[in-house]
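Visitor: Here it is, the structure, as structure tokens.
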Amino acid sequence: MDNWPKTAKISYKRWRNSQQWGDADFVGQTDEDQGTDAEICTTVSNFDAEATQSSSAYGSNKPEETFTVDDALEVIGFGKFQWKISFLTGLSWVADAMEMMILSILGPQLHCEWRLPSYKVALITSVVFIGMGISSPIWGNVADKYGRKVGLQVCMCWTLYYGLLSAFAPAYGWLLFLRGLVGFGIGGAPQSVTLYSEFLPMKARGICIMLIAAFWAIGAVFEVLLALMVMPDLGWRWLLGLSTVPLAIFVCFCFWLPESPRFDVLSGRREKAMATLTRIAKENGKTLPQGRLIAYNQNERGRFKDLFAPQYWKTTLLLWFIWFSNAFSYYGIILLTTELFQAGDLCAMTQGAKIEPDCSLECRYLTSADYKDLLWTTLAEFPGFLVVLLLVDYIGRKKSMALCFLMFSLCILPLYACIGRIALTIFIFIARALISGGYQVVFVYTPEVFPTENRALAMGTSSAMARLGALITPFVAQVLLRTSVYLTLSVYCSCSLLAGVASWLLPIETLGRNLQESSLDQETAGQTTSTTRESDNTTGSADQ
């Protein structure tokens, strides 16, 4: 028996709508062909040489029991550990939201204090997004090659350091430079979603990532409240400094964060992954499955070309445009809020009056009433989050995104008319709720659709496209608006409509779909599926 050949391990994959697949081979098909998953098929793989061992006194060989990270997380479920990591990764979202929200407050203040023209005010916002756009793919590559925890810790420490320094900027040039470096650090914040998603069981993933996105809303609201209390008496420097408090708390407690077990498994570090899973199971009061954890060894991780593999290229391009449109519209509506509130009379604006004062150096500080209206529109993050939370696991990710974009464009239309301040606040409130909800869904969808080997890079490049949209939007919301209100609104309306169409055209619906470790999983599954079906058909014919 010692000379018997080594048997291969058998694992199982689930595919949905088994009738839709024919007998044709699955390998090499595009991402339209991979969108569903619930039919059981057998996948044979040779991950380890020790697939069999003697397990009885009678000398008979039985396959050793094995399990995957997915199996372990499903057994462990959502518990105490996940709540802890929710709050910790949520702090990075609070910090990210505060650094973004501060841009709509800092611009009007410096326009007055430093007598800046409008294009220099827009540059203060844009330089942050330039830094984020450059760094997002870099942080994604770091997270795919060296670990999610490493990438997240470094980027948060970087942001904290330069965020504090920017509060002491002596002149406009220094402020631009330091805020650009802050943006470079914030570019890694989306990796918190990558890390968080890889600790979640399948059924809880959609709702949990949506819940973590609620921390963004908390951060945005907290920043407006902080500005309301700090700006009148202490000024913008204190606001910049105090806005780094959530970052400081995260840096102090990030030592508790474990590395993603999915990343460890893909890196061939099975013992480390087992230690992490054992820790999670202990904290949740559960027991791991019996057997040995299957370990992959994928050395080529975080390769840009893999995003354009035959099964992913269409998804990649569509998602890049969706991320771009989301950020363009989201930050656009935030900046439009302060600009329109500052202008005061929307009727005069829509009839052709200029928002820019006769002298470009004249200014108007934000008042307490402006901050309160800004707070009301910022609170729109919460109803948007609640609506999408109900939809994302009911109608799916794709339809939820498409619906949010369509409704956002409809809420922009009333702004073409001559409406008062109360109506303006209401429509901006609804529009912001919808676009923030759509933004949260795309954060759920992106890590679900890409495999572990390039998930962080996919998040990073998608985030870079979002930063490109955010980089452009100040010149529309703060510069083009002073030329034509109608043209500005048309740009945002058209962009959101196109993004809704792109969401509808996404080839893969990830609702109820397991996270994949490698793109090879699908190829192996496809080969075995066709082989299994041919075997079943042959057996059926023989029975007849």
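The values are calculated or read from the model by the stated rules, or taken from the named source; none is laboratory data. Values in this document were obtained by computation on a predicted structure and should not be read as measured data. With ideal geometry, Cβ positions are generated from the backbone for all residues, glycine too; neighbour counts draw on all protein chains shown. These accessible areas exclude ligands, DNA and RNA; they are computed on the full protein's heavy atoms, side chains included. Shrake-Rupley method; radii C 1.70, N 1.55, O 1.52, S 1.80 Å.
Visitor: Applying the selection to the stretch 429-480, what residues are charged (D, E, K, R) and over 17 Å from Ser409 (Cβ atoms)? Give the derivation first.
Guide: Of the residues in the stretch 429-480, the ones charged (D, E, K, R) are 432, 448, 453, 455, 467.
Selection gives Glu448, Glu453, Arg455, Arg467.
Visitor: Could you list, in sequence order, all residues of the stretch 385-402 that are open to solvent by 20 Å² or more (accessible area, probe 1.4 Å) and either within 21 Å of Trp216 (Cα to Cα) or touching a strand residue (DSSP E or B) at 6+ places or on another chain (Cβ under 8 Å) (or both)?
Guide: Filtering the stretch 385-402 down to residues open to solvent by 20 Å² or more (accessible area, probe 1.4 Å) leaves 386-387, 389-391, 393-395, 398-399.
Scanning the stretch 385-402 gives Leu386, Val387, Leu389, Leu390, Leu391, Asp393.
Visitor: So is Ala273 touching a residue at least 24 places away in the same chain (Cβ under 8 Å), touching a helix residue (DSSP H, G or I) at 6+ places or on another chain (Cβ under 6 Å) and among the aliphatic types (A, V, I, L, M) or not? Before you say what the answer is, go through the steps one by one.
Guide: Values: touching a residue at least 24 places away in the same chain (Cβ under 8 Å): yes; touching a helix residue (DSSP H, G or I) at 6+ places or on another chain (Cβ under 6 Å): yes; among the aliphatic types (A, V, I, L, M): yes.
When the stated conditions are applied, Ala273 passes them.
Visitor: Residue by residue through the stretch 189-223, note down the ones that are of a type in the set (D, E, K, R) and either surrounded by fewer than 23 Cβ atoms within 10 Å (Cβ to Cβ) or outside any helix (DSSP H, G or I) (or both).
Guide: Glu198, Lys203
Visitor: What pairs come up if the first residue lies in the stretch 410-423 and is closer than 14 Å to Cys495 by Cα, the second is of a type in the set (S, T, N, Q) and assigned to a helix (DSSP H, G or I), and their beta carbons are under 8 Å apart, counting only those six or more places apart or on different chains?
Guide: Qualifying pairs under 8 Å: Ile412/Ser496.
Visitor: Starting from residues that are in contact with a Lys or Arg (Cβ under 8 Å, 6 or more places away or on another chain) and of a type in the set (S, T, N, Q), keep the ones in the stretch 131-186 and report whichever is farthest from Pro261 (Cα to Cα).
Guide: Ser166
Visitor: Inspect the stretch 366-378 for any residue being among the hydrophobic types (A, V, I, L, M, F, W, C), crowded, with 19+ Cβ neighbours inside 10 Å, assigned to a helix (DSSP H, G or I) and modelled with pLDDT of 85 or more and give the result as yes or no. Walk me through how you get there before you give the answer.
Guide: First, pick out the residues of the stretch 366-378 that are among the hydrophobic types (A, V, I, L, M, F, W, C): 366, 369, 374-376.
After this cut, where a residue has to be crowded, with 19+ Cβ neighbours inside 10 Å as well, the list is 366, 374.
Applying the additional criterion that residues be assigned to a helix (DSSP H, G or I) yields 374.
If we keep only those that are modelled with pLDDT of 85 or more as well, we get none.
Taking every residue of the stretch 366-378 in turn, none turns out to be among the hydrophobic types (A, V, I, L, M, F, W, C), crowded, with 19+ Cβ neighbours inside 10 Å, assigned to a helix (DSSP H, G or I) and modelled with pLDDT of 85 or more.
Visitor: Can Leu361 be described as at pLDDT below 85, open to solvent by 10 Å² or more (accessible area, probe 1.4 Å) and among the aliphatic types (A, V, I, L, M)? Even if it seems obvious, please write down each step before you answer.
Guide: Working: at pLDDT below 85: yes; open to solvent by 10 Å² or more (accessible area, probe 1.4 Å): yes; among the aliphatic types (A, V, I, L, M): yes.
So Leu361 passes the test.
Visitor: Exactly one condition in (1) buried (at least 18 other Cβ atoms within 10 Å of the Cβ); (2) among the polar types (S, T, N, Q); (3) modelled with pLDDT under 75 is false for Ser496; which is it?
Guide: (3)
Yes or no, residue by residue, for (1) closer than 24 Å to Val128 by Cβ; (2) open to solvent by 20 Å² or more (accessible area, probe 1.4 Å); (3) small (Gly, Ala, Ser); (4) at pLDDT 85 or above:
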{"site": "Phe429", "(1), (2), (3), (4)": "no, yes, no, no"}
{"site": "Tyr445", "(1), (2), (3), (4)": "no, no, no, yes"}
{"site": "Asn454", "(1), (2), (3), (4)": "no, no, no, no"}
{"site": "Thr461", "(1), (2), (3), (4)": "yes, no, no, yes"}
{"site": "Met465", "(1), (2), (3), (4)": "yes, yes, no, yes"}
{"site": "Gly469", "(1), (2), (3), (4)": "yes, no, yes, yes"}
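Visitor: While we're here: If we keep just the residues of the stretch 42-93 that are of a type in the set (A, V, I, L, M, F, W, C) and modelled with pLDDT under 85, which is surrounded by the most Cβ atoms within 10 Å (Cβ to Cβ)? Can you show your working first?
Guide: As a first pass, look at the stretch 42-93 and keep what is of a type in the set (A, V, I, L, M, F, W, C): 44, 47, 49, 51, 57, 67, 69, 72-73, 75-76, 78, 81, 83, 85, 87-88, 91, 93.
Next, from what is left, pick out any that are modelled with pLDDT under 85: 44, 47, 49, 51, 57, 67, 69.
Details: Val44: 14, Phe47: 16, Ala49: 7, Ala51: 18, Ala57: 6, Phe67: 18, Val69: 27.
Per the stated criteria, the residue is Val69.
Visitor: When the residues of the stretch 431-443 are filtered to those that are of a type in the set (A, V, I, L, M, F, W, C) and under 11 Å from the mean Cα position of the chain (by Cα), which remaining residue is surrounded by the most Cβ atoms within 10 Å (Cβ to Cβ)? Before you say what the answer is, go through the steps one by one.
Guide: Initially, the stretch 431-443 is screened for residues of a type in the set (A, V, I, L, M, F, W, C), giving 431, 433-435, 441-443.
Cutting the leftovers down to under 11 Å from the mean Cα position of the chain (by Cα) gives us 441-443.
Details: Val441: 29, Val442: 22, Phe443: 25.
It comes out as Val441.
Visitor: Please determine, by comparing only the residues of the stretch 257-284 that are in a helix (DSSP H, G or I) and within 22 Å of the chain's Cα centre (by Cα), which one is surrounded by the most Cβ atoms within 10 Å (Cβ to Cβ).
Guide: Of the stretch 257-284, the ones in a helix (DSSP H, G or I) are 261-266, 270-284.
Then drop every residue that is not within 22 Å of the chain's Cα centre (by Cα), which leaves 261-264, 266.
On the way: Pro261: 25, Arg262: 28, Phe263: 30, Asp264: 23, Leu266: 24.
Taking the candidates together, the pick is Phe263.
Visitor: Does Ile134 satisfy the condition of being assigned to a helix (DSSP H, G or I), of a type in the set (Val, Ile, Thr), open to solvent by 10 Å² or more (accessible area, probe 1.4 Å) and touching a Phe, Trp or Tyr at 6+ places or on another chain (Cβ under 8 Å)? Full working, then the answer.
Guide: Values: assigned to a helix (DSSP H, G or I): yes; of a type in the set (Val, Ile, Thr): yes; open to solvent by 10 Å² or more (accessible area, probe 1.4 Å): yes; touching a Phe, Trp or Tyr at 6+ places or on another chain (Cβ under 8 Å): yes.
When the stated conditions are applied, Ile134 passes them.
Visitor: List the pairs whose first member sits in the stretch 224-238 and is part of a loop (DSSP other than H, G, I, E, B), whose second member is buried (at least 19 other Cβ atoms within 10 Å of the Cβ) and of a type in the set (Phe, Trp, Tyr), and whose Cβ atoms are under 8 Å apart, counting only residues at least 6 apart or on separate chains?
Guide: Close Cβ pairs (under 8 Å, with a partner that is buried (at least 19 other Cβ atoms within 10 Å of the Cβ) and of a type in the set (Phe, Trp, Tyr)) amount to Met231/Tyr371.
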